[in-house]
Structure formats: C-alpha cells, structure tokens
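The values are calculated or read from the model by the stated rules, or taken from the named source; none is laboratory data. None of these values were measured; they are calculated from a predicted model. Cβ coordinates were reconstructed from backbone atoms using ideal geometry, including for glycine residues, and neighbour counts include every protein chain displayed.
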Amino acid sequence: MPSPLGITPPAMDIVTLSLISHTNAGKTTLARTLLRRDVGEVRDAAHVTLFNESYTLLEQDARMLRLWDTPGFGDSARLLKRLRREKNPIFWFLSQTWDRLTDKPLWCSQQALKNVRDDADVVLYLVNATEPPEVAAYITPEMEILGWVGKPVLVLLNQTGPAQDPAIEDSETNAWRDHLSVYPFVRDVLRLDAFARCWVQEERLMEVLAPLMSEAKVESFKQLKRAWHQRNVDIFRRSSRVLSELLTAAVVDGAEVRTETLLERVGIGRNELNKEYQEAREKLANRLADRIVATTNRLIELHGLEGEAARALGTLAREKFHTPQQVPEAIWSVLGSVAGGAMGGLIADLKMGGMTFGGGALVGGIAAGIGAYALIKSYNLVRGSDHRLHWSREHFREQVRLAMLTYLAVAHFGRGRGKWQESAEPAHWNQVITEVIDEHSDGVDRLWKEGVEKGALPDALSKAAQSIIHDSLICVLVRLYPSIPLAI
C-alpha cells in the first residue's frame, strides 16, 4: 500500500525460523533468550503455548529474521500411528480440525506442523539434553513426522546445565549428533541453552544456518547474519569499555593517610595511625564495592537483561566481623569465585572493609607494634606517587580477574532465567582466566604502575585498560569456545 507521500515502501524479505519441540522442552524460554525480551507464557506444564506466535528477531534494510514459537508436539507415538495409515499423511493431518479442548495434544501438534510446512525456512528442533538421546522416546516419531515435511532441521540442545570444559561439551554434542545421523534432514546439532547461552554460540548458530537457506533467501540471510554479528560485537566492545572504566578507577582511586613518625615506625603510639589505615581501607573497599555493583548493573543492561546486582550488606552485624592481623596477598584469590553465587558475599565483605570473606577466612587482631610497611602490606595497600594509599599490584590483578568473571557471568545469563541472579560459575572459567591473566601480566602490571607509581592521567590509563580487557576477553572466549571462530 502506498504511503501518504505516494511512495510505495519496499516489500519485506522475510527469513523464517520455526522453533518446535516436544511439549514442555523450553521453546518459549529459548525464544525469550534469543529475542532479549519477555514473550509468551512460561510454566512447568504441557501445552502452555496453544497457538503459533511470530516474533521479530532482527530487522535490517527491508529484511526480517522472524522466529515462530509453536505449540509442542504432544502424543507423538499415537500421532505417528495415525499418519502411517494415510496415503498422504501430511495432507490428511493438516486437513483435520481436532477440537483443542477434547484432544489438546493432537491440536497442538497440528498447529506446529502447519507452521513448519507453510512458513519455515529452517526448523529449530529443541531437545532436552538432560536425558540421553536413546532414552528420549519421543525423538523417533517426531523425527519421522518432520521428515515428511521436507524442511531442513537444526537440533538445539537445551537444559544442558552449567557450562563445562569444551571437551566434555563436545562429547555430549557428538553423542546426539551420532544418534540423529540416520535422519538426513537433520543438518547439525548445536548447544544453545536458554538459561546459559553465550553470544558466541549465537554466532555459531548463524554460521550453521547460512548454508541451509534456499537460493531465494541466501542473500537476505547473509545481510541479516552480518547485522546480528555486528550487534553482538557492539555489545562486546561496549562491555569492554565498561570494564576498562572499572579497572581505570581501581588504579586511580586512593585514600589520604599521613606519613608515620619515627616513634610510630618503631611501634610507639600507633593507635591513631592504625585507625587511619583502617579507615582508609574501608573507604577504598566501600568504593570498590560500589563500582563492582554499578559495573555489573551496566553489563546487565547492555545484555538486555533485567534486575540488579546485590547491594545488601548481608546478615552479619559489623560487630561479628573480625579484624585481620595478617592478610597475605593471596587471600584476594578468593575473588576468583565472586562472579557467581559469592558476589553478594563479596559486596557484603567489601562494605564491611573487606575483612572477612564470609566471616571465617581471616581472624586475629592488629598487633600494637606492627610497622607501617607490614600493616599496609597486610592490607593489600601501597603508597603511590601521590603519597596516598592505593590497592596493591597483586590486589589489582585479582580485580582484573573479577572483571572478567563478572563479564562471563552476565554474558552467559539467558533471559529465559528471568531477572539477573547470582549463581556459581563453572570451575574451568577460573582456570582459563588465570592462564589469560598470566599471559597478559606485563600489560596488567604496566597499567597498575602507570596509575599508582607514575600517576598517569585517567584518559591514558583508560585506553590501556580497554586494550588489555578487550584482548584478554577475546582470549578467554576463544578458549571457552575453541570450535567457534571469532571475528571482533
């Protein structure tokens, strides 16, 4: 229809993906994750989705990538028996008008199959990966039904659980791939968990979909794929900038504490100075906690999620916290577990001065005669070129670790889970990040020295921090997903 100005808008070229599965396998949950917004209804029940629902995944230059969320297959075995009795099973099946109230499984199956036949360019068939493929009895009849339709099928493994070592994940995926290899219309099997997918896996999805398009849709999908990639890269780069601001603030931040006198240096009359050091650490820790929360919330927003990072101080009262006598530098390796379920505890500890890490890790009291150097050292603090107290180099390295863990936690949080919530991160993330930090240690240490020992300006520090965190995150993602090429 012409516009009011007499200009006819170009026709929309639509590429359609139909999401289909056995009932209650998590289609709508995955749709929410891919769409980055809440759609449909999610309940732990069969046949929650009764009608085919169309959503726009991406729109670019008169081209649209559309996702259909369909009702789940119901009693697949009974349906298959009926279809086998007919000379033209698909025609017969689609001509039926079962009452959705008296035979809901067949009604839902009919709606899903109509969508696949009439609209789909590619079928995304979702399976529950918590059960081995040979145990899922519904797979065989539903594969036979999809085979009659004649559309290419891409199998997606859902409910895969927490991320694991790539070798373990590849083994599980290959088991499904081998089991489904007897169906020539199944073109590949990918992991794409609605609860814990990463944008890198979406890149793999687009790569696999490209050769499955009909000749008429190849060029349109190519452009849509490029736009999808660019959106993900933009979010990654903006996330890197957010994290670089966190690291820049860490090396710039400092607290004023007077220089100790000769008597105080030998342990005489140190009460006031010890109090100043204690207050300085609490100020630094409190500001660090605020920055971590603010950064996490910005990452949550960038990734199209809802909710906020924890701000509560926890249930322990201040008087229940111990004051450390000796805090070795390595104690901040505890931060290696904060990106998940320990985030709330970390914030609580930092707000309290960073002294307990759960109330039991550090015990004792400040010795009356401890020297200033030992006191600062034990608190992971050093004097910078501006004579203020700053976080030590070792402490800063752990903050870099924390920044990367926080990014991974947010980037892997599927919207299907609902609002942001803390959870324990996979153990191998820490191992990978440790390796990457070690490889980039010269750059990390140089950034700290420029900020703390040389007093470089924030703008120069920010550029260096962004380069370090950008390159480090790419290295981490490449190791977590070695089979997926990254172009950032």
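Worth pointing out:
- With respect to the conditions (1) touching a Lys or Arg at 6+ places or on another chain (Cβ under 8 Å); (2) in a loop (DSSP other than H, G, I, E, B), A163 lacks only one, and its number is (1).
- Check on A194, under 24 Å from L113 (Cα atoms), under 21 Å from the mean Cα position of the chain (by Cα) and not in a strand (DSSP E or B): yes
- Flag if I468 is out of contact with any strand residue (DSSP E or B) (no Cβ under 6 Å at 6 or more places or on another chain), within 25 Å of G384 (Cβ to Cβ) and surrounded by 16 or more Cβ atoms within 10 Å (Cβ to Cβ): yes
- Cβ separations smaller than 9 Å between residues 6+ apart or across chains give the following pairs from region 414-426 residues that are in contact (Cβ under 8 Å) with a residue 24 or more places away in the chain to residues that are of a type in the set (D, E) and surrounded by 18 or more Cβ atoms within 10 Å (Cβ to Cβ): G414/D193; G416/D193.
- Among the conditions (1) at pLDDT 85 or above; (2) within 23 Å of the chain's Cα centre (by Cα); (3) part of a helix (DSSP H, G or I), F413 misses just one, which is (3).
- The one condition in (1) over 22 Å from H390 (Cα atoms); (2) among the aliphatic types (A, V, I, L, M); (3) in contact with a strand residue (DSSP E or B) (Cβ under 8 Å, 6 or more places away or on another chain); (4) in a helix (DSSP H, G or I) that A216 fails to fulfil: (3)
- Some residue of region 441-463 being closer than 17 Å to E398 by Cα, assigned by TED's automatic domain parsing to the domain that holds H390, acidic (D, E) and under 27 Å from the mean Cα position of the chain (by Cα): no
- Among the residues listed as T140, T160, the single one being crowded, with 20+ Cβ neighbours inside 10 Å and hydroxyl-bearing (S, T, Y): T160
- All conditions but one from (1) touching a Leu at 6+ places or on another chain (Cβ under 9 Å); (2) farther than 24 Å from I235 by Cβ; (3) not acidic (D, E) apply to G416; the one that does not is (2).
- Residue in region 454-464 that is crowded, with 20+ Cβ neighbours inside 10 Å and over 17 Å from A163 (Cα atoms) present: yes
- Residue check, V444 in contact with a strand residue (DSSP E or B) (Cβ under 8 Å, 6 or more places away or on another chain) and either assigned to a helix (DSSP H, G or I) or farther than 25 Å from N232 by Cα (or both): no
- Verdict on K419 being surrounded by fewer than 20 Cβ atoms within 10 Å (Cβ to Cβ) and closer than 30 Å to N158 by Cα: yes
- Of residues in region 26-56 being small (G, A, S) and more than 21 Å from the chain's Cα centre (by Cα), the one modelled with the highest pLDDT: S54
- Residue that is farther than 21 Å from P166 by Cα and of a type outside the set (A, V, I, L, M), where the choices are E450, E425, E439: E450
- Screening I437 with (1) within 30 Å of Y277 (Cβ to Cβ); (2) free of Cβ contacts under 8 Å to residues at least 40 places away in the same chain gives one miss only, at (2).
- Filter result for L146 (closer than 24 Å to W429 by Cα and out of contact with any Cys (no Cβ under 6 Å at 6 or more places or on another chain)): no
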